[in-house]
1. Kindly provide the set of residues from segment 23-43 that are open to solvent by 30 Å² or more (accessible area, probe 1.4 Å) and within 19 Å of I96 (Cβ to Cβ), ordered by number.
2. In segment 73-89, is there at least one residue being out of contact with any strand residue (DSSP E or B) (no Cβ under 9 Å at 6 or more places or on another chain) and aliphatic (A, V, I, L, M)?
3. Given the condition over 17 Å from the mean Cα position of the chain (by Cα) and at pLDDT 90 or above, answer yes or no: does some residue in segment 120-139 qualify?
4. Considering only segment 90-110, I want to know if a residue exists there that is surrounded by 13 or more Cβ atoms within 10 Å (Cβ to Cβ), touching a residue at least 60 places away in the same chain (Cβ under 8 Å) and assigned to a strand (DSSP E or B).
5. Those residues that are free of Cβ contacts under 8 Å to residues at least 24 places away in the same chain and not hydrophobic (A, V, I, L, M, F, W, C), I need them from segment 7-51; list them, please.
6. Which of the following residues is more than 23 Å from L37 (Cβ to Cβ), touching a Leu at 6+ places or on another chain (Cβ under 7 Å) and surrounded by fewer than 21 Cβ atoms within 10 Å (Cβ to Cβ): A83, A124?
7. Kindly indicate whether M145 is modelled with pLDDT of 95 or more and not in a loop (DSSP other than H, G, I, E, B).
8. Could you tell me how many of the residues in segment 162-183 are modelled with pLDDT of 95 or more, of a type in the set (D, E, K, R) and surrounded by 11 or more Cβ atoms within 10 Å (Cβ to Cβ)?
Amino acid sequence: MTDLVPQNRLRVRLAEGATVVGTMLVEIRQPAIMTLLASAGFDFVLIDTEHGPFSIESVAELSRAARDAAVTPIVRVPELTYAHVAQALDGGAQGIMLPRVTAPAQVVECVGYMKYAPAGRRGAVLARGHTGFRGGPLAEVLAAMNRETFLIVQIETAEAVQRLDELLSVPGVDAALVGPTDL
């Protein structure tokens with residue numbers, strides 16, 4: 001893997017069979033929070049743009065600070081749009097949490113937005129936050145990004161529970177997170 005694309009700590013820890021610990025960030029926009037989370041032993045952070053007051057600039061700053069602290073930044077997008085998904089990843093997030101999932105087609109669409117060709121249709125760009133503002137061998141970097149991005153589908157409805165096997169069988173899904181308040 002190219003050194004432009006850091007390993008996704010969450011993916012590595014899960015592959016090792018480890019228990020992972022994370023939290024949701026809703027209000028705090030100070031990048032130093034990521035150092036505190038790392039020091040407390042957190043593996044990942046969910047930056048909540050669905051219910052939190054984060055601009056794309058805040059998402060990028062928080063994501064880069066998390067990666068620098070070895071905490072995997074995952075962004076919960078407010079809705080499934082190309083801009084929400086691609087901008088979060090281009091800013092430095094290492095994954096997306098998709099809320100309100102009820103159908104496999106939504107998951108397929110999200111994976112398409114997250115992954116570069118041939119696995120998806122994300123627009124290719126280097127020298128942005130997700131590559132530490134550096135360029136490199138395009139094909140190698142895009143392949144590494146496709147391997148390292150992480151997708152969490154959020155299970156929040158009875159319909160999602162009923163279709164859980166279908167949702168989780170979509171290639172590109174890495175985890176599911178139950179929204180207990182909504183259920």
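The values are calculated or read from the model by the stated rules, or taken from the named source; none is laboratory data. Since we're looking at a predicted model, the values are computed, not measured. Every residue, glycine among them, receives a Cβ derived from its backbone with ideal geometry; neighbour counts consider all protein chains shown. Protein only, heavy atoms only, side chains kept; ligands, DNA and RNA dropped before computing areas. Shrake-Rupley method; radii C 1.70, N 1.55, O 1.52, S 1.80 Å.
1. Result: T23, M24, V26, F42.
2. Within segment 73-89 (the criterion being out of contact with any strand residue (DSSP E or B) (no Cβ under 9 Å at 6 or more places or on another chain) and aliphatic (A, V, I, L, M)), the answer is yes, since at least one residue qualifies.
3. Checked segment 120-139: no residue is over 17 Å from the mean Cα position of the chain (by Cα) and at pLDDT 90 or above.
4. yes
5. Hits for segment 7-51 are E16, G17, T19, T23, Q30, S39, G41.
6. Values: A83 fails: touching a Leu at 6+ places or on another chain (Cβ under 7 Å).
Of the residues listed, the single one that is more than 23 Å from L37 (Cβ to Cβ), touching a Leu at 6+ places or on another chain (Cβ under 7 Å) and surrounded by fewer than 21 Cβ atoms within 10 Å (Cβ to Cβ) is A124.
7. Working: modelled with pLDDT of 95 or more: no; not in a loop (DSSP other than H, G, I, E, B): yes.
Spelling it out, it is not the case that M145 is modelled with pLDDT of 95 or more and not in a loop (DSSP other than H, G, I, E, B).
8. Count: 3.
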